[in-house]
Amino acid sequence: MKSFFLPSIARARPAMARLGQSLFLVVAFAVAAQVTQLLHLPLAPGVVGLLTVLALLFSGIVKVDWIKGGANWLLNNLVLFFIPSVVAVVKYFDLFRREGVQLVLAIALGTLLVMAATALAVHLGRRLEDRLARFTQRVPRGKTA
């Protein structure tokens with residue numbers, strides 16, 4: 001006779017792993033915020049946390065698999081973290097009523113510029129990869145250009 005709880009435990013395991021991985025990233029940010037404040041660093045705590053996690057990954061102290069699920073979960077639910085922005089819009093509704101057109105234009109223009117810069121960077125990166133691939137195909141191994 002099969003246990004009723006076994007399938008639910010099996011489903012709970014990946015969720016608990018994602019929770020632990022997400023908590024690691026949150027703790028890394030909290031530690032970075034404290035370090036930034038204590039050392040009076042001129043950087044945002046998010047940048048310090050990102051650099052810390054990156055250093056841990058490059059050094060091999062933390063493996064990508066240890067945080068990948070939590071990072072993917074955070075990215076997949078990123079929209080939920082923008083809810084405070086919506087609350088701010090409601091809170092400062094008078095500002096948006098007075099200067100809403102200017103704010104919407106600035107946001108739209110900024111978004112378009114970021115999208116264009118990203119597309120250009122991807123295009124240039126792809127062209128560089130293609131050139132490097134052609135170069136490595138032309139030069140036999142063991143010889144330099």
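Using a 1.4 Å probe, what is the accessible area per residue for the stretch 15-145, in Å²? Intermediate values should be presented prior to the final figure.
Numbers: 10890 Å² over 131 residues.
Averaged over the residues of the stretch 15-145, the accessible area is 83 Å².
The stretch 86-126 and the stretch 24-59 have Cα centres spaced 27 Å apart. Each residue of the stretch 118-133 was assigned a 3J(HN,Hα) from its phi angle through the Karplus curve 6.51 cos²θ - 1.76 cosθ + 1.60 (θ = phi - 60°); the sequence is 5, 4, 5, 5, 5, 4, 5, x, 5, 4, 5, 4, 4, 5, 5, 5 Hz, with glycine and proline shown as x. Backbone phi angles across the stretch 58-68, fed through the Karplus curve with coefficients 6.51, -1.76 and 1.60 (θ = phi - 60°), yield HN-Hα couplings of 5, 6, x, 5, 10, 8, 4, 4, 6, 10, 4 Hz in residue order; Gly and Pro are listed as x.
The values are calculated or read from the model by the stated rules, or taken from the named source; none is laboratory data. Not measured: the values here are computed from a predicted model. These area figures cover heavy atoms from the full protein model, side chains too; ligands, DNA and RNA do not enter into them. Shrake-Rupley method; radii C 1.70, N 1.55, O 1.52, S 1.80 Å.
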